[in-house]
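Visitor: Here it is, the structure, as structure tokens.
The values are calculated or read from the model by the stated rules, or taken from the named source; none is laboratory data. What you are looking at is a predicted structure, and each value in this text was computed from that prediction instead of being measured. Note that each Cβ is placed from the backbone with ideal geometry, even for glycine, and that neighbours are counted across all protein chains shown.
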Amino acid sequence: SSNGLTDVLKYTKSHYAAPDSSKYGIAKGKNIIVIHLESFQQFLINMKVDGQEVTPFLNSLENDNQQTLAFDNFFHEVGQGKTSDAENMLETSTFGLPQGSLFTQLGSDNTFQAAPAILNQQSGYTSAVFHGNVGSFWNRDHVYKNLGYQNFFDRSYFNSSDESLGYGILDKDLLKESVGNLEHLQQPFYAKFLTVTNHTPYLTDDKNFNFPSLNTGDSTVDDYVRTAHYLDESLRQFFDYLKASGIYQNSIFMIYGDHFGISDSNNKDLAKALGKDPATWSKFDDAQMQRVPLMFHIPGYTKGGIQHQYGGEIDVLPTLLHLVGVDSSKYIQFGTDLFSSQHDQTVAFRNGDFVTPNYTELSGQTYDNKTGEVVDTDKLGITSDIDKKQQQVKEALSLSDKLNQENLLRFYTPEGFSPIDPKDFDYKNLDK
Ligand code: GP9
Ligand code: MN
């Protein structure tokens, strides 16, 4: 019934964080170019192998303290839906499901109030997704229509046929071939590029992957830096095309890692390469590894710099909307603007664990972020504070699940928003 909405609205309205006026609208009217870095973790940024930077181009963006606002305490929050969970959170600011993928389970029929629709209706943005894999993967061919995406360029649109490495065509081919289509979109556009080459098991060859591997003996870990380097080169090339076409100067780039690339079971192998002792590696360390990049690169902006506030994927949509000057207050969103003074720095993992700037809570145990040790919360007098945060994390997750599982947005249409009719969109030529 629509009654469940009352609880959801009570939660989201009371957690709404008003924008910071120094950030509101700084990218108003600009094209939005979203770059989804497949399986890309924060530790790759500024990492060196044999004295060479793994991702020199991304480093140059991250460390551009004028034109880039980059986050170094930003976490992915995905569950079993992996890429699709990340996409869902970034497009809707609601969580993925406790089990499986929301895109697959509910994406064909649910009502969404998502980024492409909001940006189109409030600021006249056109929209497109570019992806070098088949359109049916993660049910995207259906979900994207419900999100309001006007165009979806999947593998069938691209001439490249080299799919021997990664998931779909190589990123360099995808990005190179996409620029022509991008140039034909009416501006301002909201365009998302889903990369795929940096995907486990990180297959490489010597022709395309010109970078030394690590030497841990775990091939997944060893080749991860090679495919990450390839992704970095792909982006440098892409930016060169965009600069030549004039699109670059008129755009804001939002770049993020969707989730971990090295799973917890392989982290001990990675430890040495990070200068850590595998013998003392713990669950706490696994949790800290869930940091992924998030950066907003705004050509011509001068007040950038590294941002240390804690946040996660759920927070991206209200942050982005405010940067382009779109009011988010009437929408049901579980995250809060990362730049707001009222931003909630408690980062929820899908299993109910969470991280705050001071503590990491895992299966009911509290770790001190400075020492990585389990603490006695009673002794520190923080038990009630931690309990309150734990309760709030559980509440947010369960209200988001209720909203999605009962398709409650069909009963809530914000003022001035027109519900999306997926029949309005037709993605021709899509591979099925
Ligand atoms: C495939 C790609 C991979 O199209 O998005 O998804 P993942 O396996 O990372 O969830
Ligand atoms: Mn992924």
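Visitor: Kindly check whether there is at least one residue in the range 112-127 that is assigned to a loop (DSSP other than H, G, I, E, B) and surrounded by fewer than 18 Cβ atoms within 10 Å (Cβ to Cβ).
Guide: yes
Visitor: Taking only pairs six or more apart or across chains, which ones have beta-carbon atoms under 6 Å, a first residue in the range 72-93 that is at positive phi and surrounded by fewer than 24 Cβ atoms within 10 Å (Cβ to Cβ), and a second residue that is at pLDDT 95 or above and assigned to a helix (DSSP H, G or I)?
Guide: From residues that are at positive phi and surrounded by fewer than 24 Cβ atoms within 10 Å (Cβ to Cβ), there are no pairs.
Visitor: Next up: So, PRO293, is that one of a type outside the set (Val, Ile, Thr), touching an Asp or Glu at 6+ places or on another chain (Cβ under 6 Å) and touching a residue at least 24 places away in the same chain (Cβ under 8 Å) or not?
Guide: no
Visitor: Shifting gears a bit: Among the residues of the range 151-181, count how many are closer than 24 Å to ASP421 by Cα and buried (at least 22 other Cβ atoms within 10 Å of the Cβ).
Guide: Adding up the residues that qualify gives 3.
Visitor: In addition: For the range 30-71: of the residues being on the phi > 0 side of the Ramachandran plot and away from ligand 1 (no atom under 16 Å from the Cβ), which is surrounded by the most Cβ atoms within 10 Å (Cβ to Cβ)?
Guide: ASN46
Visitor: What tally of residues in the range 19-41 results from selecting those that are away from ligand 2 (no atom under 15 Å from the Cβ) and polar (S, T, N, Q)?
Guide: 3
Visitor: Scan the range 378-432 for residues that are of a type in the set (Gly, Ala, Ser), surrounded by fewer than 16 Cβ atoms within 10 Å (Cβ to Cβ) and within 24 Å of LYS145 (Cα to Cα) and jot them down.
Guide: Scanning the range 378-432 gives GLY416, SER418.
Visitor: I'd like the full set of residues that are of a type in the set (S, T, N, Q) and without any contact (Cβ under 8 Å) to a residue 60 or more places away in the chain, limited to the range 94-103.
Guide: Listed by number, the residues that qualify are GLN99, SER101.
Visitor: Return the residue satisfying two criteria in turn: it lies in the range 187-243 and is away from ligand 1 (no atom under 16 Å from the Cβ) and among the small types (Gly, Ala, Ser), and of such residues it is farthest from ARG140 (Cα to Cα).
Guide: GLY217
Visitor: Take the residues in the range 363-414 that are in contact with a strand residue (DSSP E or B) (Cβ under 8 Å, 6 or more places away or on another chain) and polar (S, T, N, Q), then tell me which one is farthest from ALA348 (Cα to Cα).
Guide: Looking at residues that are in contact with a strand residue (DSSP E or B) (Cβ under 8 Å, 6 or more places away or on another chain) and polar (S, T, N, Q), I get THR377.
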